[in-house]
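One structure is given here, and the rest of the page talks about it.
The values are calculated or read from the model by the stated rules, or taken from the named source; none is laboratory data. Every value quoted in this text rests on a predicted model; they were computed, and no experiment measured them. Note that we place each Cβ from the backbone using ideal geometry, even for glycine, and neighbour counts take in every protein chain shown. Keep in mind that these areas ignore ligands, DNA and RNA; they rest on the heavy atoms of the full protein, side chains included. Shrake-Rupley method; radii C 1.70, N 1.55, O 1.52, S 1.80 Å.
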Amino acid sequence: MVAYVCAGCGLGDTLDLKQTEKVAQKEGKMQAVKRHDFLCSAEGVQMIQGDIDNDGVTHVMIAACSRRAKTEAFNFPGVAMSRANLREGVLWVVAEGGDHDEVRQEMADDYVRMSCAELKRMKVPAGNPDADTSKRILVVGGGVTGLTAAIEAAETGYDVVLVEKTAALGGWAAKLWKRVPFRQPYADPQPTGVAELIARVVGNSRITVHLNSTIAETAGAPGRFKIKVAQESGAITEETVGAIVQASGFNTYDMAKLPELGGGKPNVVDQAGLETLAVSANGGAIKRADGREVKSVVFVQCAGQRDEEGASGGVHLPYCSGHCCATSIKQAMYFKDANPEVDTVVMFTDLRVPGMAEDFYRSAQQKGVTFTKGKASKVESTDAGCQVHFRDLILDEDASIGADLVVLATGQVPNSGVNIELVEEAEGEKKGAPEAEAAVKPISILNLTYRQGKDLPQLKHGLNDSHFICFPYETRRTGIYAAGPVRRPMDMLQATDDATGATLKAVQAVENAAVGRAAHPRSGDLSYPIVRLEGCTQCKRCTVECPFGAIDEDEKRFPVFNQARCRRCGTCMGACPVRVISFENYSVDTVGMQIKAVDMPDEFSERPRILILACENDAYPALDMAGLSRTEYSAFVRVIPVRCLGSVNTIWVTDALNSGYDGVMMMGCKKGDDYQCHFVKGSELAHYRMSKTDDTLKQLGLEKERVMSFEVAITDSQKVAALINDYAAKIKEIGMSPLKGF
Amino acid sequence: MSESNKAANTVAAAAVARYRNNFLKEVEERVEDGDMVKMCMQCGVCAGSCPLGPHWEHSPQKIFMMIRAGKRDEVLSSDSMWMCTSCYNCIVRCPRQLPITHIMHGLAHYANRLGMVPKGQPTRDIAKLFWDNLLKTGRVNELKFSLAMYFKDGFVQGIKNALAMQGIGLSLMKAKRLSPMEIIGGHKCKDQSGIQKMIAKAREIEDRRRGALA
Ligand code: SF4
Ligand code: SF4
Ligand code: SF4
């Protein structure tokens, strides 16, 4: 165990490093302490590496910059390492001169104490015993998304099992006459290319296709999923795969739910219905079901979509499906290209044509498609066809228009299987609520044997969960990636991109699983949760709270950890009331000891101590960034990075208060529907758990402001300093903790 | 209005149905830059940019929507396009690059040819006075034009107008910008009948091009 102290970047000029070294040796109990003027230089790094190679150093403490800086220089595989953040955490955020020098030195010394304490409890992760090596990829769904995923995986060199529930590949796209253009000049509908795509898939020797098949069971974990593929006949084939791309696609919103817009009446079709008419017209004049040639057509946009009326929301789809405006434009062109005399009206409230579809829109205007800003209220059947009643939103008056055919642009409904949260609720309420039961009726796609439910968790509107900003293909089941309209509504081009992205994630997953490494966002982490089952009380908190469904239960209701499914967030560790879950390099102890290592001034010193538990994904970088821009904040804080606020065990907070801290700030990512938490549920769970600390505070006779949680995004470097300073002022106001020195 | 124009008018009107493309097609064929009307994306930037906007009944955006809605009578008898001051704000800002100002003038012109302009529309009246004045001699007679303008609403109002403008008139005279002698004859161009023939020919070509004489 050796401490290395850097004197570069001004640390040597401003801090009393002699004192710091003494702390490392005497209090931190380091066997040796070495100083270097420029530790991250080749020479400095060589010094450390030399000690590891020649003197058998296994634990390295580096007192220099933030653990997020110079990670390439300070990269010593095989040894345990902790880092005291003297640069971003002290030097750059505390003013110089006068009183400051003293409190700053105290801060630096504390960080060294904390780092030494952490190091002592750390082990080098031994690697993952759960590693397994199937590198095949299962693709569920044979539409454009699934076909693209399959071909991308195969061409990257991975074997693929493709499961399609119908008798043919191609999905919805195979039913289209043409597709919205995706190439210059974005002026005319283009051939779909689906037949060619299918031919490539069928002709690829790496791809095994199961038609008329569904997934009867998915068991295991990344690298060793055991899949039961059920044929229509009832025969079951077993396949072993390493990762899964779920491309189960969408269904069209049922227009029978839109009787006021003519759903179900003759001469009213949805967009899929129009494709059928266009395919049978084969480029000629489009005819209605009754055989009459269509001379006038009205497209009603957003039919049964974007329905947010009323306080409790509308009855139809609340969202925009994204593709339907461009699709209607394309379909209007089917008519215009066959016969320019056909009257084509697209009735929209907002025409949404993302990307290059704006050019496509212009092209339709050139071709004489009329765009009317209006909201359709009623479609009536007439002798000739239909009468569409609408509000003209520009002229602000009620109007109506006759048409031979009306096309309703209904949206996409994801095929995302069972809503496992509703299942849970329904079971909780002893099968009580009828709505809940109705909503769980859909048939499961994956039939996971996971304790937490059969399918991927859903975020909103039945769409499969994803962190749409940072990692869109991630779901809350490691090694299973949602792609295409099952994830969010989208068009063919987006689905193609989506499939490619998800496939690359699946490739990463199988490669990581093969060597026992964590997947995103702790990619490369070799540690995994270790549980001392002797102490486990079978409380089930870990199995319920794990955001990734990594923990199953055995017959005796003990948790069974599936390391390959685990993301190493530590939520289970934070949840466990008897603290039997830990990682080799991150545990209740590594943090607990840091908390206790801080030197606590007495009640009358007027030097409060504030503990900050900061999420390493956003809050900690934001604090570093505050340092980088030399934003000053109170020198009374002591920051400990945590993997996720979800990993915060309440014992840390209780211990901190008992040992005399005046306040505890918890900084994590945004929670809720538009969460930013990298582990999805971590910050939410932490918030929930902390809401229960009020009792503890009361017992200890402390004010409830002594423990507070905050949402901090990675960009909040200024805000974070302000939060700290405000909180320090508040602590000053309520006074020092009475628990010091007990 | 000529007989042929009247005929064209009735034929077109009969064919126009609400929210069909017929009137749009008529505008495309017969109105200057009318073929650009279909490219409007109803963003409303022109309506928001027009300095006269709050004072007219129909903004350019609405006019274009009305054309597409087949509101032939409302459009052609609208006062709105006569209010355009040719400031070109809308043209500069339109994201779809519609030559809005030109279309406004084109519509006004077309409505005038069809005799559908509201009675007493001042812009139209002044334009007419100006045009007749110009056609006579090939040059504008400022004095006669001013007097015609003053007296267009009757004799008494004319006297009032003239008195009100007296000061300006005298200043113009002093600066030699206005000659009282213009009242008798006034200056003219050399080949008056040549000019008139040229204009007549131009009108004929225009009519043919706009299909009004089909
Ligand atoms: S809670 Fe986090 S660390 Fe624990 S098993 Fe689940 S994914 Fe792994
Ligand atoms: S050019 Fe005419 S229509 Fe355009 S903004 Fe100016 S006044 Fe309005
Ligand atoms: S600015 Fe152009 S596109 Fe927008 S409403 Fe006016 S004419 Fe139409």
Working from Cα positions, state the angle (0 to 90°, nearest 10) between the long axis of helix A:357-366 and the longest principal axis of chain A.
20 degrees
Each residue of the stretch A:623-637 in order: what ³J(HN,Hα) in whole Hz does its phi give by Karplus 6.51 cos²θ - 1.76 cosθ + 1.60, θ = phi - 60°, with x for Gly and Pro?
5, 4, 5, 4, x, 4, 9, 6, 7, 7, 9, 3, 7, 8, 8
I need the Debye-formula profile for the stretch A:1-139: one equal scatterer per C-alpha, no solvent, reported as log10 I(q)/I(0) at q = 0.08, 0.09, 0.13, 0.18 1/Å, two decimals.
-0.25, -0.30, -0.56, -0.95
Taking the stretch A:184-246, which GluC sites (Glu not before Pro) meet the DSSP loop condition and have no more than 12 other C-beta atoms within 10 Å?
A:232
Relative contact order for the stretch A:444-549: what is it in percent, counting Cα pairs under 8 Å that are at least 6 residues apart?
20 percent
How about the stretch A:379-400: which of its residues lose at least 50 Å² of accessible area in the presence of all protein chains relative to their chain isolated, using a 1.4 Å probe?
A:394, A:395
By how many degrees, 0 to 90 and rounded to 10, does the Cα axis of helix A:17-26 deviate from the longest principal axis of chain A?
80 degrees
Residue A:34 long-range amide H proximity, modeled H, under 5 Å:
A:3, A:4, A:5
In degrees, nearest 10, the alpha-carbon axis of helix A:492-515 is tilted away from the dominant principal axis of the alpha carbons of chain A by 40 degrees
Note: residue A:205 to residue A:279 extended length (0.36 nm per residue) minus current alpha-carbon separation gives 23.5 nm
The stretch B:122-202: relative contact order in percent, alpha carbon pairs under 8 Å with at least 6 residues between
35 percent
Accessible area in square angstrom per residue, the stretch A:530-581, 1.4 angstrom probe
41 Å²
Residue by residue through the stretch A:540-554, the couplings from Karplus 6.51 cos²θ - 1.76 cosθ + 1.60 with θ = phi - 60°, in Hz, x for Gly and Pro, are 6, 4, 5, 5, 7, 8, 3, x, 10, x, 7, 10, 9, 10, 8
Cα-based Debye curve of the stretch A:252-412 sampled at q = 0.09, 0.16 Å⁻¹ gives log₁₀ I(q)/I(0) of -0.26, -0.87
What percent does the relative contact order of chain A come to when contacts are Cα pairs within less than 8 Å and at least six residues apart?
13 percent
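By DSSP, what percent of the beta bridges with both residues in the stretch A:252-412 are antiparallel, rounded to the nearest 5?
Details: 16 of 32 bridges.
Among the beta bridges of the stretch A:252-412, antiparallel pairing accounts for roughly 50 percent.
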Scalar couplings 3J(HN,Hα) for the stretch A:54-63 by Karplus 6.51 cos²θ - 1.76 cosθ + 1.60 (θ = phi - 60°), nearest whole Hz, x for Gly and Pro, are 9, 9, x, 5, 10, 10, 10, 10, 10, 9
Considering the convex hull of the alpha carbon atoms of chain A, report its projected area averaged over all viewing directions, in nm², one decimal.
38.1 nm²
Ignoring ligands and nucleic acids, what accessible area does residue A:71 show with a 1.4 Å probe (Å², nearest 10)?
70 Å²
Amide H of residue A:639 versus every other amide H placed in the peptide plane: which residues, excluding those fewer than 5 positions away on the same chain, fall under 5 Å?
A:612
Using just the helices of chain A, give the 222 nm mean residue ellipticity in deg cm²/dmol: DSSP H runs with n ≥ 4 each add -39,500 (n - 2.57), and the total is spread over all residues, rounded to 500.
-9000 deg cm²/dmol
How do B:131, B:82, A:172 stack up against each other in accessible area, from largest to smallest, with a 1.4 angstrom probe?
B:131, A:172, B:82
Give the interface area between chains A and B as buried accessible surface, both sides summed, probe 1.4 Å, in Å² to the nearest 100.
1900 Å²
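Would you list A:211, A:422 from the most to the least accessible area, probe 1.4 Å?
These residues rank, largest area first, as A:211, A:422.
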Other residues with Cβ under 10 Å from the Cβ of residue A:229 give, with Lys and Arg +1 and Asp and Glu -1, a net charge of -2
Using a 1.4 angstrom probe and counting only protein chains, how large is the accessible area of residue A:714 in Å², to 10?
70 Å²
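How do B:114, A:351 rank by accessible surface area computed with a 1.4 Å probe, from largest to smallest? Please report the intermediate quantities before stating the final value.
Values: B:114 10, A:351 35 Å².
From most exposed to least exposed: A:351, B:114.
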Set of lysines near residue A:556 by C-alpha distance (under 24 Å), chain-local residues within fewer than 8 positions excluded
A:226, A:430, A:454, A:540
Residue B:198 versus residue A:400, label points 7 Å from Cα toward the beta carbon: distance in nm?
5.7 nm
FRET efficiency for residue A:76 and residue A:18 from the Cβ-Cβ distance with R0 = 30 Å, rounded to 0.05, comes out at 0.70
What is the local net charge at residue B:57, summed over the other residues whose Cβ is closer than 10 Å to its Cβ (Lys, Arg +1; Asp, Glu -1)?
-1
List every residue whose amide H lies under 5 Å from the amide H of residue A:560, counting only residues 5 or more places away in sequence or on a different chain, with H placed 1.01 Å from N in the peptide plane.
A:552, A:553, A:554
For chain B, with all protein chains present and a 1.4 Å probe, just round the carbon and sulfur fraction of the accessible area to a whole percent.
59 percent
